[in-house]
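Engineer: Could you have a look at this structure, given as structure tokens, before my questions?
The values are calculated or read from the model by the stated rules, or taken from the named source; none is laboratory data. No experiment lies behind these values; they were computed from the predicted model shown. Cβ: placed from backbone, ideal geometry, glycine included. Neighbour counts: every protein chain shown.
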Amino acid sequence: MRIIPAIDLINGKCVRLTQGDYNQKKIYNENPLEVAKEFEAAGIEYLHLVDLDGAKAGHVVNYDVIESICNNTNLKVDFGGGIQSNEDIEKVFNSGVQQITGGSIAIRNQEMFIGWIEKYGSEKIILGADVIGTKIAISGWQEETATELVDFLSFYIEKGIQYVICTDVAKDGLLAGTSIDLYTELMLKFPTLKLIASGGVTEIGELDGLKDINVDGAIIGKAIYEGRINIEELAKV
């Protein structure tokens, strides 16, 4: 199982939100590159990078931070947040990221998102499935749709999607534990899916439970920044 620390960006700074609420923002570091280098120095290989400004605006905003991290570390970066056009995705890939995550675009413009899967390949495109209850949320979690999570996944798996980042918005940023029941249900229904769990991981022992149900990876954010999980211990996992 891959361990994937997260860096969320607002105004070029490393922040965390609580349950996706932009009004509950906490700045942890003014320099995201510094944070990324700390992850790399500890032995971490992967990074989940999210442009929260972009997610809200509907277009990528923090290009300079993406390029800075990709050019100055060897981390394998997956990036999401505001990728809504062919120009955006091309520019992001040219910045050096390994994979992109599309969530809102997969709801709003299925034809374009399917085109990306076909053009770049399913190894490069991650489906972002942010969920409130059983419904998909988009636009930086500001908008709840009528689309059911299972239907959303089924549709895109048929179109070739392999990787899915699933975030339970109700768990995110609360340090109250991950959605193990949800992920167990999804892995039973879609056993070949490369599912990446996101939101709520609070202590390192939770990773054993996620590994036991064969998720592909776990994204960890606030627990690292609040000192609940030690990054060196995490790298050993």
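Engineer: Which of the residues spanning the range 77-95 are part of a strand (DSSP E or B) and in contact (Cβ under 8 Å) with a residue 40 or more places away in the chain? Can you show your working first?
Structural biologist: So the first thing to find is which residues in the range 77-95 are part of a strand (DSSP E or B), and the list is 77-80.
78, 80 - these are the residues of the range 77-95 that are part of a strand (DSSP E or B) and in contact (Cβ under 8 Å) with a residue 40 or more places away in the chain.
Engineer: If you don't mind, there's one more thing I want to ask. Scan the range 44-76 for residues that are touching a Leu at 6+ places or on another chain (Cβ under 7 Å), aromatic (Phe, Trp, Tyr) and assigned to a helix (DSSP H, G or I) and report the count.
Structural biologist: 0
Engineer: Another question about this same structure. Looking at the range 109-134, which of the residues that are in a strand (DSSP E or B) and either at pLDDT 95 or above or hydroxyl-bearing (Ser, Thr, Tyr) (or both) is surrounded by the most Cβ atoms within 10 Å (Cβ to Cβ)?
Structural biologist: Just the residues of the range 109-134 that are in a strand (DSSP E or B), to begin with: 125-132.
Subset that is either at pLDDT 95 or above or hydroxyl-bearing (Ser, Thr, Tyr) (or both): 125-129.
On the way: 125: 24, 126: 23, 127: 25, 128: 28, 129: 26.
The extreme case among them is 128.
Engineer: Going by the conditions given, is residue 95 of a type in the set (Ser, Thr, Tyr), over 21 Å from residue 58 (Cβ atoms) and under 19 Å from the mean Cα position of the chain (by Cα)? Working first, answer last.
Structural biologist: Numbers: of a type in the set (Ser, Thr, Tyr): yes; over 21 Å from residue 58 (Cβ atoms): no; under 19 Å from the mean Cα position of the chain (by Cα): yes.
No: the conditions fail for residue 95.
Engineer: I've got another one for you. Could you identify the single residue in 157, 105 that is touching a helix residue (DSSP H, G or I) at 6+ places or on another chain (Cβ under 6 Å) and part of a helix (DSSP H, G or I)?
Structural biologist: On the way: 157 fails: touching a helix residue (DSSP H, G or I) at 6+ places or on another chain (Cβ under 6 Å).
None of the others qualify; the one that does is 105.
Engineer: Give the residue, chosen from 157, 204, that is out of contact with any Pro (no Cβ under 7 Å at 6 or more places or on another chain), within 30 Å of residue 34 (Cα to Cα) and surrounded by fewer than 22 Cβ atoms within 10 Å (Cβ to Cβ).
Structural biologist: Numbers: 157 fails: within 30 Å of residue 34 (Cα to Cα).
Exactly one residue qualifies, and that residue is 204.
Engineer: On to the next question. Working only within the range 188-223, note down all residues that are under 12 Å from residue 6 (Cα atoms), in contact (Cβ under 8 Å) with a residue 40 or more places away in the chain and not in a strand (DSSP E or B).
Structural biologist: 221, 222, 223 - these are the residues of the range 188-223 that are under 12 Å from residue 6 (Cα atoms), in contact (Cβ under 8 Å) with a residue 40 or more places away in the chain and not in a strand (DSSP E or B).
Conditions (1) under 17 Å from the mean Cα position of the chain (by Cα); (2) acidic (Asp, Glu); (3) at pLDDT 95 or above, marked per residue:
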{"residue": "203", "(1), (2), (3)": "no, yes, no"}
{"residue": "209", "(1), (2), (3)": "no, no, yes"}
{"residue": "213", "(1), (2), (3)": "no, no, yes"}
{"residue": "216", "(1), (2), (3)": "yes, yes, yes"}
{"residue": "219", "(1), (2), (3)": "yes, no, yes"}
{"residue": "226", "(1), (2), (3)": "no, yes, no"}
{"residue": "234", "(1), (2), (3)": "no, no, no"}
{"residue": "237", "(1), (2), (3)": "no, no, no"}
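Engineer: Something else about it: Name every residue in the range 32-66 that is of a type outside the set (A, V, I, L, M, F, W, C) and touching a Ser or Thr at 6+ places or on another chain (Cβ under 8 Å), in order of residue number. Spell out the reasoning first.
Structural biologist: Initial filter on the range 32-66 (of a type outside the set (A, V, I, L, M, F, W, C)): 32, 34, 37-38, 40, 43, 45-46, 48, 51, 53-54, 56, 58-59, 62-64.
Listed by number, the residues that qualify are 32, 37, 40, 48, 56, 58, 59, 63.
Engineer: Residue 57 fails exactly one of the following numbered conditions: (1) among the hydrophobic types (A, V, I, L, M, F, W, C); (2) closer than 24 Å to residue 227 by Cα; (3) at pLDDT below 95. What is the number of that condition?
Structural biologist: (2)
Engineer: Filter the range 109-132 down to residues that are touching an Asp or Glu at 6+ places or on another chain (Cβ under 8 Å) and more than 21 Å from residue 76 (Cα to Cα), then give me how many there are.
Structural biologist: First, pick out the residues of the range 109-132 that are touching an Asp or Glu at 6+ places or on another chain (Cβ under 8 Å): 126, 131-132.
Within this subset, residues satisfying the condition of being more than 21 Å from residue 76 (Cα to Cα) are 131-132.
Total meeting the criteria: 2.
Engineer: Return the pairs, sorted by first residue and then second, in which the second residue is part of a strand (DSSP E or B) and among the charged types (D, E, K, R), the first residue lies in the range 159-171 and is within 14 Å of residue 218 (Cα to Cα) and free of Cβ contacts under 8 Å to residues at least 12 places away in the same chain, the beta carbons are less than 6 Å apart, and the residues are 6+ apart or on different chains.
Structural biologist: Between residues of the range 159-171 that are within 14 Å of residue 218 (Cα to Cα) and free of Cβ contacts under 8 Å to residues at least 12 places away in the same chain and residues that are part of a strand (DSSP E or B) and among the charged types (D, E, K, R), there is no close pair.
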